[in-house]
1. Output the residues belonging to region 1-38 that are outside any helix (DSSP H, G or I) and among the small types (Gly, Ala, Ser).
2. Here are some conditions: (1) open to solvent by 60 Å² or more (accessible area, probe 1.4 Å); (2) aliphatic (A, V, I, L, M); (3) at pLDDT below 90. ILE9 meets all but one. Which one does it not meet?
Amino acid sequence: MLDENHHLIQCILEYQSKGKTAECTQYQQILHRNLVYLATIADSNQNMQSLLPAVSTRWGWSPLPSKDSDTA
């Protein structure tokens, strides 16, 4: 989607330089839709992270020992 947005921006710039406002508006609407979608996903992921506490702090567990530690 980032590549698509880059392409849309390039098209918008090209049409703006040629004075084709109708085409600009069309591509701007698509770009806006894509940006809103990406922002919604980012916001959703951020909200999920704030809802999920780290397991080690919630349950008082310590991290697993590394494979290199002496257990003998």
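The values are calculated or read from the model by the stated rules, or taken from the named source; none is laboratory data. Note that the structure is a prediction, hence the values are computed from the model and not measured. Accessible surface is based on the protein model in full, side chains and every heavy atom, while ligands, DNA and RNA are left aside. Shrake-Rupley method; radii C 1.70, N 1.55, O 1.52, S 1.80 Å.
1. Within region 1-38, just GLY19 meets the criteria.
2. Among (1) open to solvent by 60 Å² or more (accessible area, probe 1.4 Å); (2) aliphatic (A, V, I, L, M); (3) at pLDDT below 90, the lone unmet condition for ILE9 is (3).
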